[in-house]
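Derivation of every value follows stated rules applied to the coordinates shown; laboratory data play no part. Worth saying up front: this structure is predicted, and the values here are computed from it rather than measured. Note that we place each Cβ from the backbone using ideal geometry, even for glycine, and neighbour counts take in every protein chain shown.
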Amino acid sequence: MTTERLNGTTALVTGASSGIGTATARALARQGATVVLVARRRERLDALSAEIADAGGQAHAVQADVTRRDEAFGAVATAVERTGRLDIVVNNAGVMLNGPIVGAPIEEWERMVALNVMGLLYVTHAALDHLLRAAEDEPRQVADLVNVSSIAGRVANRGAGVYNLTKFGVGAFSESLRQEVTGRHVRVSLVEPGAVDTELFGHQRPETIERYERMFANVEKLHPEDIAEAIEYIVTRPRRVAVNEIMARPTDQA
């Protein structure tokens, strides 16, 4: 099947300062999209923007904390102001702070809900009208919303209760929205990675990090580029093809 290039489109990627977000921004820029890079770490965004420009692409760095509604809305507004449109949104920003539910710091739960759920909802709410408009317009007459979830959104595991909650919620929201807008050619897709070699594991308490190091000691984790390629595949399908869901695990992961 012939890949549809993204020339003339704008793609916004949250969590673009590292891991899957960085790899996805590079991939979409190679396909011809102007990429709007959204994250909190400005220095990393500027470096990635310069790298994309040096490779012949176009990128704009927008520093924002998407857990703050005004900043999430502002990032989307800035993307449209700078490029004139919005065709693709990749909700990738997320945090995993696992551990037992009993005795857990409530602040960890609040951080996960704020970013994994509310941040995604804020960006989606701000972007939807623009995506619907792009779906009626050239060059593609289709738009894409890609929500990066996790296999934790499919199977609940001990020690990951609130992270499971956030990712199950992302899946339910994505499917409901898909049914609502697919007839208007806005494709809503869910990407559910297993273990990926990113900073995600390092944000947790030391005892949780040790547990995951033991769990994945003999597992060759996915690379961020593996998930970026899945996202690239989703958004470059012909207008008639909607890839609703991709789950990708390391071959070694049970």
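The Cα-based radius of gyration of the stretch 77-126, divided by its Kirkwood radius, gives an Rg/Rh of 1.17. Between THR166, THR182, THR34, the GNM of the chain built on Cα springs shorter than 10 angstrom shows THR182 fluctuating the most. Close amide H contacts of VAL146 (hydrogens built in the peptide plane, cut-off under 5 Å, sequence separation of 5 or more or a different chain): VAL89, VAL90, ASN91, SER189. Distance distribution note for the stretch 64-215: the fraction of Cα pairs above 26 angstrom is 31%. When the Gaussian network model of the chain links Cα atoms closer than 10 Å, the mean-square fluctuations of ASN147, ASN218, ASN98 top out at ASN218. Applying 0.36 nm per residue to the separation of GLU110 and GLN141 and subtracting their alpha-carbon distance, the gain on full extension is 7.3 nm.
Computed from label points 7 Å out along Cα-Cβ, the spacing between ILE151 and HIS223 is 2.0 nm. Here the extension length gained between GLU213 and THR251 equals 12.0 nm, from 0.36 nm per residue of separation less the Cα-Cα distance. For ALA172 and ASN7, a Förster radius of 41 Å and the Cβ-Cβ distance give a FRET efficiency of 0.75, rounded to the nearest 0.05. Take each peptide in 16-26, 99-109, 128-138, count the other Cβ atoms within 10 Å of every residue, and average; sorted highest first, the result is 16-26, 128-138, 99-109. Subtracting the Cα-Cα distance of ARG239 and ARG82 from their residue separation scaled by 0.36 nm leaves 54.0 nm. With the charge dipole of the chain set up from +1 on Lys and Arg Cβ and -1 on Asp and Glu Cβ about the Cα centre, the Cα lying farthest toward the positive end among the listed residues VAL35, TYR122, THR67 is that of TYR122. Taken along the Cα-to-beta-carbon direction at a fixed 7 Å, the label points for GLU51 and ASP197 span 1.5 nm.
Counting beta carbons within 10 Å around each of VAL186, VAL243, VAL89 and listing the fewest first gives the order VAL243, VAL186, VAL89. Put the Cα centre of the stretch 1-66 next to the Cα centre of the stretch 107-156 and the gap is 16 Å. For the chain, compute Rh as the Kirkwood radius over C-alpha pairs and then the Stokes-Einstein diffusion coefficient at 37 °C and 0.692 mPa s; write the answer in µm²/s, rounded to an integer. Answer, rounded: 180 µm²/s.
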